[in-house]
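Just so it is clear, none of the values below were taken in a lab; they were calculated from the coordinates. Since this is a predicted model, take the numbers as computed values, not measurements. Cβ coordinates were reconstructed from backbone atoms using ideal geometry, including for glycine residues, and neighbour counts include every protein chain displayed.
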């Protein structure tokens, strides 16, 4: 039963009071970071492969309990107008590949047979109540645990089988949608399709307006297979227009590129710039002046070793990034606690151990007033081993966060990443002002901190000798009280 219009409006107006805070937003003092529930907020997470909403076999209640217990801060999910097959990308137990009878879409199936997946056709003029109830309950369940939900509205179609599994595909619905190639679906070429896409976006944005833990991403990997910038801007505008007369306004993200790319003409509706496989994190410096959150939005294709993705997370955040999302294949239907043993053939990694290491990163950064910090790699004047890299975030004259690691891509930006595990020491020269400093070394792999020490620095270069470490090491350096 649909509530009376005046009651529905009252509920929307009272929504901000119900949750006690405005939605996650760019931090007012430094828009390269977030503010969530009144506090500076970094998104660092290791989360499932985007099927929590559309896969009926995935127990999201259990998933969010485990995600919260491990201290992870976000999950990313697709909206049900994209589906993969069990063979896609070589992913074992892929949560984005439910069987036809377990695939939950925004639209109900009809009594008319003939969809390409063997099920009945969909009706795009009606809404599937089960879907909308699940959508809101997922977001609420995450909200109750302080977890951000990144709602990915669309995804490019990598092959014809993915397009033919879609409710919008001409043979899959009773609404007479045009028979178009997958490379023209996410464009402005076909008004009949666009009308359904816009209606879906408006409904999602309206239903989720009450929640403070939502961000929207326009499209996953739109730089493949014909997705146009004009279409992306149209979808972002639909989100903004829909919320114009609603109580809450949510951030919009755009997936820019794999690896790195300078953004020359950012969409004014977009607040978050996302990149996949952004290692090394050179894209942060390329786009730092845009005053938006820069995100490493998907990892993978670099093997299954935890150290690879730990290094990539620390490296990106210490370069000035504000969002890191590891694609964690240890979460599957039946293993929503993240305990699925990942086969060596999987295109990426994930484990309870990695999530613990990422929580160490969160705790390390939360010790700082990071919204007042900025990248200052040039202040690491000397001493970085030749096979290592180092990053520094600094609040000049007060606090310095440094990360040193022995990891690198093997073929430039192409997937494949090497990690050196031999034990090492280094003597680092830091260009910091005179003062008395508290020195605290941290081993990111184990989470073990060395005993805090104090040094008197009279000016010039401050030389610090590291403890013995393997693979990577972090430094918390700050003026002593």
ask   = Relative to the longest principal Cα axis of the chain, at what angle does helix 352-366 sit, 0 to 90 degrees, rounded to 10?
value = 60
key: Ranked packing of 302-315, 177-190, most packed first, by mean Cβ within 10 Å   = 302-315, 177-190
ask   = If each residue's Cβ is checked for other Cβ atoms within 10 Å, how do 194, 246 rank with the fewest at the top?
value = 246, 194
query = At 222 nm, what helix-only mean residue ellipticity would the chain give, in deg cm²/dmol to the nearest 500, using -39500 (n - 2.57) for each DSSP H run of four or more?
reply = -7500 deg cm²/dmol
ask   = If R0 is 45 Å, what FRET efficiency do you get for residue 116 and residue 282 from their C-beta distance, rounded to 0.05?
value = 0.60
remark   = Measuring from the longest principal axis of the C-alpha atoms of the chain, the long axis of helix 129-144 (C-alpha) lies at a number of degrees, nearest 10, equal to 20
request  = Using DSSP, restrict attention to beta bridges with both residues in the range 13-151 and report what percent are antiparallel, rounded to the nearest 5.
outcome  = 65
Label assignment, P(r) over Cα pairs in 10 Å bins from 0, in percent derived from the structure, set (1) 3, 13, 15, 14, 12, 10, 10, 8, 6, 4, 3, 2, 0, 0; (2) 4, 18, 25, 25, 17, 7, 2, 1, 0, 0; (3) 4, 20, 30, 25, 13, 6, 2, 0, 0 = (3)
Highest average packing first - 261-267, 40-46, Cβ atoms within 10 Å = 40-46, 261-267
query = So what's the angle, to the nearest 10 degrees on a 0 to 90 scale, between helix 306-318 and the longest Cα principal axis of the chain?
reply = 80
Sorted peptide list for 381-389, 56-64, criterion being average Cβ within 10 angstrom, highest first = 56-64, 381-389
